[in-house]
Amino acid sequence: MYKLPVAPALAALAFIAAAPAAHAASPWSPPVTIESGIPQVGEPEVTLAGNGRAVLSARLTTQAQGVPSRGFSRLWGEQPDGSFAGRARLVLAAPPVAYAGSRLALLRLPLAAGDLTIGDLEDPDTSLGYSLGRCCGTLEVDPGGYRRLAARADRTSTALAANRRGDVAAAWVEHRSGRDHLVVAVRGPNRPFGRPSVIAGSGFISAPSVAWSARGDLLVAYQRSISRRGPTDRRVEARVRRAGHSWGRAQRLGASSGFSEITAAAAANGRMLVAWGTQDIGEEANTPWIVRAAMRQAGPHSFRAAQELEVSEGDDERPAGTVAAAIAPAGTATVTWSGIAGTRHPHTFPLRVATAGSSLRFGELQTLAPNAAAGDVAMDARGATLVIWATLSIAGINQLTEQVFASVRPPGGATFAAPEAVSSAERAELPRVALEPATGRAAVVWVSRVQGLAQRLRFTSRRPPAATRGRAREVREHLPRNPGPGTSRVSATGHRRLVR
């Protein structure tokens, strides 16, 4: 069981105390409000198109009898002058992904499937389709509109990923009689999606996550629960389809306790990472929060044995934030999450970071904040790493966040720098980040829920480090031809889900 060392904890507290000074000379642009006035704003996401422009998405909902309902998604594209242009309502089944210079792929549900009532969640099946788009002089969605991929898919168990050259993969779960199918459809550059393939066809399947390598290797990770005589066998598995080959066999990576937050990432050199946090299912927590990660060398290899990164001290609390992972083109991997410290309430939720290099083993954990909800992590082409989180404002409360912070680790660095304030104290939550590979420009989006004010979708960007300004062309020339995105989200919604 991992115990928080005293020195890192004191250092983290000193970092937070120094944050106002860091903000005074902040490299972050003044935050702007993208959308406001909607009763509920959720699921903020950001990606950077190949032309460097930010594409934002969020879910907007009203309420019916106190229950979120009549939900839909909206997209915003960054314009040449830095402003954002929005697009009318649609329903996203996963965060948008970018490829090529200005292209977008969208995994979509019918507009009628946008509700979030109890009935909708109890019967999650709906049709599933996709659209292609372009960003960002104007934000366009393919005139062909919604193209169906599946007649009945679980709206809460979907994932989408792309690499720069235009390989796109969509994954979803279909509920069959007494078993689930995990289905994957793949689209090559300038080609339509091919026939969907069932890559797992027994047990109960959930939480798919997808990632591409630059060379065209495809990784899909997921949780599968198999009921036999005796205890249910709950595990996290992965399948890999190497470029030019068929799907490899399913590999068991490690155990699940009941529900899992899974994130997959693939490097430009073909190295792969699956990280997950897991805990028991139910209304209350009764087992520790466990975070694990497994890595795979490029080529015809299996994943190494999963490494246990942290086991929480207490077993009566749910975690804060999410589990996020990214991997640099050269293969350095970074995982971030919030632990649960203390054996009894009120717990704290220290923000952890673990890094693995060429050994494929994660080293000693670094604690960046003493009490925070993990948000996201991204890496650029040089290996610079940026982690973001939201501070927790009340002791022992894992959901009420206050302010967004970020910390940067330079290429080849061993530790992260002092935190930088990204937002003001504005009940900020669900921060997400994207890094432009060549320049290191960062884009962050979050939701502000200040009491008494309309909820707001907020955005800021971080200037590229001085060492990279004016060197974008040089860096791009050394990028792989089609560097894939560093991480795939936990799920279509980013929300924690209880799974069987």
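Quick note: the coordinates plus some simple rules give every number you see, no bench work behind them. From a predicted model like this one, the values you see are computed outputs, not experimental measurements. Counting neighbours? That spans all protein chains shown, and the Cβs are built from the backbone with ideal geometry, glycine included.
Using the count of nearby Cβ atoms within 10 Å as a rough guide to exposure, how do Thr334, Thr460 rank from fewest to most? All intermediate terms of the calculation are to be shown ahead of the outcome.
Working: Thr334 28, Thr460 20.
Exposure proxy ranking, most exposed first: Thr460, Thr334.
Within 10 Å, count the other beta carbons around each residue, average over each peptide in 314-323, 147-156, and list them highest first. Display every interim value, and only then the final one.
Details: 314-323: 21.1, 147-156: 17.8.
Listed from highest to lowest mean packing, they are 314-323, 147-156.
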* With only Lys, Arg, Asp and Glu charged, each at its Cβ (+1 for the first two, -1 for the last two), find how big the charge dipole of region 386-469 is about the Cα centre; round to the nearest 20 debye. => 240
* To do: Rank the residues Ile226, Ile38, Ile199, Ile327 as a footprinting-exposure proxy: fewest other Cβ atoms within 10 Å of their Cβ go first.
  => Ile226, Ile38, Ile199, Ile327
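Kirkwood hydrodynamic radius, computed over distinct alpha-carbon pairs, for region 239-323: how many Å, to one decimal? Can you show the working numbers first?
Details: mean 1/r = 0.0707 Å⁻¹.
It works out to 14.1 Å.
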* Hey, what does the equivalent ellipsoid look like for region 384-424, semi-axes from the Cα gyration tensor as sqrt of 5 times each eigenvalue, largest first, whole Å? -> 24, 10, 7
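How big is the dipole moment of region 6-477 about its Cα centre under a simple scheme where the beta carbon of each Lys and Arg is +1, that of each Asp and Glu is -1, and everything else is neutral? Debye, nearest 20, please.
Values: 53 positive and 39 negative charges, 376 e Å.
With only Lys, Arg, Asp and Glu charged at Cβ, the dipole is about 1800 debye.
Mean separation of Cα pairs under 8 Å and 6+ residues apart, divided by the residue count of region 6-477: what relative contact order is that in percent?
Numbers: 1345 pairs, mean separation 56.5, N = 472.
It comes to 12 percent, rounded to a whole number.
Mind running the shape call on region 6-477? Use the C-alpha gyration tensor, a ≥ b ≥ c as the square roots of the eigenvalues: rounded below 1.5 for a/c, prolate if a/b tops b/c, oblate otherwise. Mind dumping the intermediate values first?
Values: a/c = 1.18, a/b = 1.09, b/c = 1.08.
Since a/c stays below 1.5, the shape of region 6-477 is classed as rounded.
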* Which of rounded, prolate, oblate describes region 176-219, given a ≥ b ≥ c as roots of the alpha-carbon gyration tensor eigenvalues and a/c under 1.5 marking rounded, otherwise prolate only if a/b is larger than b/c? -> oblate
* Asked: Can you list residues whose amide H is under 5 Å from Gly203's amide H, if they're 5+ apart or on another chain and H is modeled 1.01 Å from N?
  -> Asp180
